Amino acid sequence: MELSIKAKGASVFKKAKNKISEMNQARKNAGGIIPALAVMMLYSGNAMADDLMAAGQETVTGTFGADSSIAKWIILAEVIVGIITYIKTKNMFMLFGIAIVIVFTTIGFGLVG
């Protein structure tokens, strides 16, 4: 019986060397993108513009805010869909999922206003 210490396939060191050379090539290809992004981030605060949408903030809050009628209708629709899903599947998690969805919806509408 003859034993061989040769491994089949590429060695671990060759694979690591190939990965490093691939990363270096990707870094060379993206060489111009990184400085451009840095310049854009550096000058992004110097726009000095007026907020043209500030006048519509009250309308948006009234339409999509936490106390708006749309929020109430969406919560009602979530309850109806949750009850129908529970009736179809008889799965309690579907019924308890209503509370979780309502919490996230309320948080989302609260962030709008």
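Values in this text are rule-based calculations from the coordinates and carry no lab data. Given the structure is predicted, the values throughout are model-derived calculations rather than measurements. Cβ atoms come from the backbone with ideal geometry, glycine included; neighbour counts cover every protein chain shown.
Per-structure values
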read-out: Those helices (runs of 4 or more DSSP H) lying entirely in the range 12-113 with at least 3 residues in contact with an Asp or Glu (Cβ under 7 Å, 6 or more places away or on another chain); value: 92-112
read-out: Total residues in the range 77-113, condition closer than 18 Å to residue 63 by Cβ and exposed (fewer than 13 other Cβ atoms within 10 Å of the Cβ); value: 4
read-out: Selection status of residue 75, β-branched (Val, Ile, Thr) and in contact with a helix residue (DSSP H, G or I) (Cβ under 6 Å, 6 or more places away or on another chain); value: yes
